[in-house]
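Please treat every number below as a calculation from the coordinates, not as lab data. For clarity, every value in this text was computed on a predicted model and none was experimentally measured. Methodologically, a virtual Cβ is constructed for each residue, glycine included, from the backbone with ideal geometry; neighbour enumeration extends over all protein chains shown.
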Amino acid sequence: LINARGVETPEIADKRTDPIDPTGYPARKPPSFHGKPWMMDAMDARIGQGVAWFHQHTPILNTAAAGTLSSVLGAADWAHGIARPLHNVVADPNPNLTVHLLRRPESGWIGVRPYASWDTQRGIGIGGGTILDVRGEIGSVSMAVALVPFPKPVAAADA
């Protein structure tokens, strides 16, 4: 492959000729921990073969004005939560989000092959993953993560 500057570069390793169809995987609709609307309400989510797939059915931004990167940010922001080992115990806000794209996505389905590492003693972690579209790898995401205990529900007698 020769790029625009005439430098020979290898093909992207995860490039497929036949597109994958994320709609064949089971749908997943996790509820918000606070019982209120949240970003997941704007997306369809599917899980299959180590990849979480997202399709944003309700625009959060005017993506025509915001550009290509905005179309992957919602999915990329879930990378640390998909791979977190502790469920319904801690909130895991990420104070930063870094996304790099190799190319534009070829469909509305964005996949994340996540990873996460946690230091529960210090309450910190890192998360990230490979970002995919239906034809393969399109980029990567990384973030720092804070681990914050969920507030305990207030008992009716204490209210």
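Quick notes on this one:
- Calculated from backbone phi, Karplus (6.51, -1.76, 1.60) coupling profile of the range 49-54 in Hz, x at Gly/Pro: 6, x, 10, 9, 9, 10
- Where trypsin sites (Lys or Arg not before Pro) fall in DSSP loop in the range 98-153, at most 15 other Cβ within 10 Å: R103, R122
- Zero-based 10 Å bins, Cα pair distances in the range 107-153, whole percents: 25, 35, 25, 14, 1
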